[in-house]
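Take a look at the structure below.
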Amino acid sequence: MQLEPRPRPPLGVVFDCDMGNSIDDALALSVLYGLDGKNECRVVSISTSKPSLRSAAMCEVIGRFYAGAVSGAFSAAGRTLPTGMAVKGAHPEDTPMIKAVLDRVGADGKPVYQHGIEKLVDTAEAEALIRNAFTSQYDQNCVVVITGPATNFRKLLELPGIKELITAKVRTLVVMGGKYPSGGPEYNVKLDIAAAKKLFAEWPGEIIASGEELGEQVLFPVEAIDTKFSWAANHPTVDAYRAAEKMPYNAKCWDVTAVLQAVRPKEAYFKLSEPGRIEVMDDGRTKFTVAADGKHRYMILDPEKKAAVVEAMVELASAKPVVRQRRFRPQNEQKKEEKKEEQKKS
């Protein structure tokens, strides 16, 4: 008996951040899980370039939060992914938003948010995790989003055969970093200039950059924190938002723009520059040069789409977790179908 070909799964997203250094990493991951819940994508890899167990733990907290049902299955580990973590890099220290989430305890004295990261062996080697995520994807059915320094990708690009794997599997890399068409040095690039230089010079496929100038114009409305997230008595992104800066404030959304471009390019939330090449200078500045054969573009705010961008990121970040049906392996699916056929014949 021949089975119908399996439909291609939703887009796989590899997400690499520096969770804890700014609130938009938490907002971006929340938006990504909102898109995952709508079946527009699948989060297939999460890693942090911040060499901090607490940063990795916060990534896992957000992942566990979105893994369960609203009805009480919060902190379910069914969809929780291993978290990759850099062992060396910038800013390993705790930040107020990390402390607000990981150190919060309930009336019973127990942590409000659960995670399983206490020591180094509880995390994954980031470059191996990302490579393995690529390997498991259908060809050209994966995108990469980098919202922190490119530290983990410097080591990734040194792996044997990785560029061929990227070419086969990855559709687009969207990176939050730099200022365009020229400027800087921007924060993420400046934190690891060598990694940024290597990324833009050696990545074999398309790169779309979200520059500092774009995220500064796209703000997450603070009033949404009280209104749109009120369905949850405890929400890690809300706790992080309140602690990240002095309230009230509208958060700049550099990282969220990268997620929206990666997963919803057909929405055309942003304009794109002409093709060209992005070069990272020795001092961390970025320079874009137009080139017909260039594989790089940068994002440009479309004033007519700004309201739609804000609406989308609020809706997605505040979305309730969605229960996932258990996925069976292809062999199990085939056995089930064969058993059904046998039962029909009998």
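The values are calculated or read from the model by the stated rules, or taken from the named source; none is laboratory data. As the structure is a prediction and not an experimental result, all values here were calculated from the model. As a convention, Cβ positions derive from the backbone with ideal geometry for all residues, glycine included, and neighbour counts pool all protein chains shown.
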Every residue in region 158-175 that is over 15 Å from I208 (Cα atoms) and touching a Phe, Trp or Tyr at 6+ places or on another chain (Cβ under 7 Å), please. L165, I166, K169
Please go through region 253-276 and give me each residue that is over 17 Å from the mean Cα position of the chain (by Cα) and outside any loop (DSSP other than H, G, I, E, B), ordered by number. K266, E267, F270, K271, L272, G276
Single match in L120, L159, L81 (criterion: modelled with pLDDT of 95 or more and over 25 Å from V280 (Cβ atoms)): L120
In region 293-332, which residues are modelled with pLDDT of 95 or more, over 19 Å from F229 (Cα atoms) and not in a helix (DSSP H, G or I)? D293, G294, K295, H296, R297, Y298, M299, I300, L301, D302
Can you tell me which residue within region 133-145, out of those that are in contact (Cβ under 8 Å) with a residue 40 or more places away in the chain and assigned to a helix (DSSP H, G or I), is farthest from G161 (Cα to Cα)? A133
Does T257 fit the bill of being closer than 19 Å to S318 by Cα and in contact with a helix residue (DSSP H, G or I) (Cβ under 6 Å, 6 or more places away or on another chain)? yes
